[in-house]
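Everything on this sheet refers to the single structure shown next.
The values are calculated or read from the model by the stated rules, or taken from the named source; none is laboratory data. What you are looking at is a predicted structure, and each value in this text was computed from that prediction instead of being measured. Cβ sites come from the backbone with ideal geometry, for glycine too, and all protein chains shown count toward neighbours. Just so you know, the surface numbers come from the protein's heavy atoms only, side chains and all, with ligands and any DNA or RNA stripped out. Shrake-Rupley method; radii C 1.70, N 1.55, O 1.52, S 1.80 Å.
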Amino acid sequence: MPSPIPSSDAASLEALRASVLSTRGGAVDDSIPQLAEADPELFGVAVVRPTGEVVASGDSGHAFSIQSAVKPFLFALALADTGGAALDAVGIEPTGEAFDAIELEGGTGRPPNPMVNAGALLTAALVDGDTCDERTARILAGLGAFAGRELDYDREVSESEQLHGDRNHALAHLMRSEGSLEHTADDAVALYARACSVLVDTEALAVMGATLAFGGRNPVTGEQVVDARVARDVVSVMATCGVYDGSGRWMRGVGVPAKSSVSGAIVLSAPNRLGAAVFSPPIDEQGTSVRGAELSRRLSEEHDLHSFGFGG
Ligand code: GLN
């Protein structure tokens with residue numbers, strides 16, 4: 001049996017990161033100017049143990065917009081705030097489609113999955129609050145509890161997301177026309193854009209992943225942020241659709257529930273073992289950080305984190 005507490009320390013994590021420096025490929029996302037300006041050489045990693053100890057290496061303190069790595073946490077907050085009713089409002093089947101596919105679930109008109117844009121537009125809209133600003137405040141407070149620190153969003157990034165997010169506008173209008181979105185399309189896109197623009201660093205994101213990995217309890221602050229049942233639901237959906245149309249390959253190769261994002265961050269939640277995050281801006285066609293994926297694979301191998309590892 002592998003030890004429940006991985007024996008990684010700063011030096012071995014640094015060695016792991018160094019071993020991936022020769023991995024090249026992918027390109028920095030250019031969907032908005034702020035992402036296109038990212039330094040492709042930035043490379044950070046952080047791992048959070050069950051004790052709450054954070055081990056980090058490289059550019060782990062560099063701030064970036066969380067982008068789609070926010071989706072598991074929006075789903076968690078929606079589940080918590082609706083007492084589970086969010087599961088009626090959004091599907092959970094893996095889509096096998098790109099993150100911004102203009103597609104709703106056949107028959108129901110619901111978004112197909114909370115890990116793709118349609119679903120995240122909806123889960124953000126389901127959190128508590130009577131206005132877009134109140135829902136923004138709820139999301140910031142909720143994400144802050146997952147991270148164990150106060151978080152805010154980058155106004156310029158969120159403006160840009162709204163200006164360039166034509167597919168998100170289209171999805172919101174489509175859901176509205178199907179009767180699956182209660183708020184206006186503009187409100188839904190504004191809220192989702194703010195959520196994607198929340199500034200984190202690799203260490204904060206790793207703590208967020210760890211909070212899910214340890215059943216909704218933040219191992220750094222000790223706060224039970226969401227019920228264990230909510231964490232179970234969220235991690236299940238990360239495992240099956242967290243890397244969009246790359247989820248099958250991810251599960252085979254890395255074997256750890258995770259969520260990718262176009263900023264080049266990946267958040268990982270290995271149940272009862274560890275939370276982790278990797279940040280390296282160049283991404284592949286599926287929107288997954290190239291170095292981040294390779295580091296995740298090696299981290300999983302080193303600590304026997306694969307969900308179906310069988311020690312082999
Ligand atoms: N800003 C992006 C969007 O919704 C987030 C996408 C992502 O990280 N995959 O279009």
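Among the helices (runs of 4 or more DSSP H) confined wholly to the range 1-116, which include 2 or more residues that are of a type in the set (Lys, Arg)?
By residue number, no helices (runs of 4 or more DSSP H) qualify.
Is it true that ALA80 is touching a Phe, Trp or Tyr at 6+ places or on another chain (Cβ under 8 Å) and either closer than 27 Å to GLN162 by Cα or more than 16 Å from the ligand (Cβ to nearest atom) (or both)?
Taking the combined requirement at face value, the residue does not satisfy it.
Take the range 160-180 and flag every residue that is outside any helix (DSSP H, G or I) and open to solvent by 20 Å² or more (accessible area, probe 1.4 Å). If you could, list the steps in order and put the result at the bottom.
Looking only at the range 160-180, we keep the residues that are outside any helix (DSSP H, G or I), and these are 165, 178-180.
Answer for the range 160-180, where residues must be outside any helix (DSSP H, G or I) and open to solvent by 20 Å² or more (accessible area, probe 1.4 Å): GLU178, GLY179, SER180.
Could we say that LEU143 is within 16 Å of the ligand (Cβ to nearest atom), more than 21 Å from GLN224 (Cβ to Cβ), in a helix (DSSP H, G or I) and open to solvent by less than 10 Å² (accessible area, probe 1.4 Å) here? Walk me through how you get there before you give the answer.
Values: within 16 Å of the ligand (Cβ to nearest atom): yes; more than 21 Å from GLN224 (Cβ to Cβ): no; in a helix (DSSP H, G or I): yes; open to solvent by less than 10 Å² (accessible area, probe 1.4 Å): yes.
No; evaluated as a whole, the condition is false for this residue.
Check GLY91, GLY109 and return the single one that is under 20 Å from the mean Cα position of the chain (by Cα) and either within 30 Å of ASP130 (Cα to Cα) or among the charged types (D, E, K, R) (or both).
Exactly one of GLY91, GLY109 is under 20 Å from the mean Cα position of the chain (by Cα) and either within 30 Å of ASP130 (Cα to Cα) or among the charged types (D, E, K, R) (or both), namely GLY91.
Quick check on the range 233-277: of everything there that is out of contact with any helix residue (DSSP H, G or I) (no Cβ under 8 Å at 6 or more places or on another chain) and closer than 21 Å to ASN117 by Cα, which residue is farthest from the ligand (Cβ to nearest atom)?
SER236
Taking the condition of being away from the ligand (no atom under 11 Å from the Cβ), among the polar types (S, T, N, Q) and under 21 Å from the mean Cα position of the chain (by Cα), how many residues in the range 157-187 meet it?
Adding up the residues that qualify gives 0.
So which helices (runs of 4 or more DSSP H) stay within the range 181-283 end to end and still have 2 or more residues that are open to solvent by less than 10 Å² (accessible area, probe 1.4 Å) and within 30 Å of THR108 (Cα to Cα)?
Per the criteria, 185-196, 228-241.
Condition first: open to solvent by 20 Å² or more (accessible area, probe 1.4 Å), small (Gly, Ala, Ser) and touching a residue at least 60 places away in the same chain (Cβ under 8 Å). Now tell me which residues in the range 284-308 satisfy that.
Selection gives SER307 alone.
Of the residues that sit in the range 13-40 and are β-branched (Val, Ile, Thr) and within 21 Å of the chain's Cα centre (by Cα), which one is nearest to the ligand (Cβ to nearest atom)?
Looking at the filtered set, the residue picked out is ILE32.
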